[in-house]
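Report on one structure; see the data block that follows.
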Amino acid sequence: IRPDVFKNNPLCMDQFKTLFGSCRVPQGNKDIVAVYPESTHVAVLSRNQFFYFQALWADGTVAVDEADMADILEAVQRNSAHTEVS
């Protein structure tokens, strides 16, 4: 399997620890990434509305499978479609 690349540089698995349970925090000149390893939910922003759902149980086991996640994201999309964005 070929590794994923970004700007011709191979990506390593180390960055995945900040893919989940993290957010970008605005700072004066440069934003920072804050990591919350105890996070168990996913937040979604759609049409200026925030939605969230439980992705992991407190013990770290998966709370939703791929089909559940697709259903949830489709519901978010349908729900947010009824909101005017100015």
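Overall form of the stretch 18-83: oblate. Here a/c, set by the Cα gyration tensor axes a ≥ b ≥ c, is 1.5 or more, and a/b is not larger than b/c.
Tell me the mean residue ellipticity at 222 nm calculated for the chain from its helices only (DSSP H runs of n ≥ 4, each -39500 (n - 2.57), averaged over every residue, nearest 500).
-5500 deg cm²/dmol
May I ask for the angle, rounded to the nearest 10°, between helix 66-80 and the longest principal axis of the chain, with both axes built from Cα atoms and the value confined to 0 to 90°? Once rounded, the angle reads 50 degrees.
Subtracting the Cα-Cα distance of ALA34 and ASN79 from 0.36 nm times their residue separation leaves 13.3 nm of extension gain.
Rule-based calculations on the coordinates, nothing more; no lab input. Please read these numbers as outputs of a predicted model, since none were measured by experiment.
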